[in-house]
Amino acid sequence: MNLTAKNIKTLVLVLSLISLFACDRTFDMETISVTPPELHIYVTESGSPISGATVNLYKNASDRENGTNAVTKSADGLGLAIFEMSELAEPGVFFLSAEFEGTVVEAETPYLLLNDGHTRFEIDF
């Protein structure tokens, strides 16, 4: 058999098409969460962590205004307060207030999907 450049190109094309259409393209898209969703609130003053600040998490602005239904944490030595998936419950925007030495700062998170990983949010006094 005489293999010319044209025959080789044709053979490569045919084999490529066969391999393309012969592949089994069924697969599972199951996502396994390696890191459970958490909201990490860093409380700082001019970029330095504030230890002992009180951080309140609310599901809506009305609860924050009324001071009701809060999940409360105290910032640790790194200025960090961690809210776990069980405390967040469902995706959405969360409303925050942080208090330190009589000063209160309010904030709200962007929309959180809560599908995997740690979301970092900073509150600066």
**Message:** Quick one: 3J(HN,Hα) in Hz for the stretch 116-125, Karplus 6.51/-1.76/1.60 with θ = phi - 60°, rounded, Gly and Pro as x.
**Reply:** 5, x, 9, 9, 9, 9, 10, 10, 10, 7
**Complete:** Cβ density ranking, 10 Å radius, fewest first, applied to TYR58, TYR111, TYR42 yields TYR111, TYR42, TYR58
**Item:** ³J(HN,Hα), Karplus 6.51/-1.76/1.60, whole Hz, each residue of the stretch 76-90, x for Gly, Pro
**Value:** 7, x, 9, x, 10, 10, 10, 10, 8, 3, 4, 7, 7, 6, 9
**Spherically averaged projected area in nm², based on the convex hull that wraps the Cα atoms of the stretch 67-124** = 4.5
**Asked** For helix 5-22, what angle does its Cα long axis make with the longest principal axis of the chain, in degrees from 0 to 90 and rounded to 10?
**Response** 50
**Item:** Order of VAL43, VAL105, VAL34, VAL93 under a 10 Å beta carbon neighbour criterion, fewest first
**Value:** VAL34, VAL93, VAL105, VAL43
**Item:** Extension gain (nm, one decimal) between LEU11 and SER48, 0.36 nm per residue minus Cα-Cα
**Value:** 6.7 nm
**Request:** Determine the percent antiparallel among the DSSP beta bridges restricted to the chain, to the nearest 5.
**Result:** 75
**Request:** Provide the per-residue ³J(HN,Hα) series for the stretch 59-72, in order, calculated from phi with Karplus coefficients 6.51, -1.76, 1.60 and θ = phi - 60°, each as a whole number of Hz, with x at glycine and proline positions.
**Result:** 7, 8, 5, 4, 4, 5, 4, 8, x, 10, 6, 8, 9, 10
**Asked** Order of GLU106, GLU84 from fewest to most other C-beta atoms within 10 Å?
**Response** GLU84, GLU106
**Asked** Whose amide H sits under 5 Å from the amide H of ASP124, counting only residues 5 or more places off or on another chain, with H placed in the peptide plane?
**Response** THR44
**Message:** Starting from a Cα-only point model with no solvent, please compute log10 I(q)/I(0) by Debye for the chain at q = 0.19 1/Å.
**Reply:** -1.01
**Request:** Check cross-link reach from LYS59 to the lysines: straight Cα distance under 27 Å, and skip same-chain residues fewer than eight apart.
**Result:** LYS73
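Each value in this text was obtained by applying a stated rule to the coordinates, not by laboratory testing. Worth saying up front: this structure is predicted, and the values here are computed from it rather than measured. As a convention, Cβ positions derive from the backbone with ideal geometry for all residues, glycine included, and neighbour counts pool all protein chains shown.
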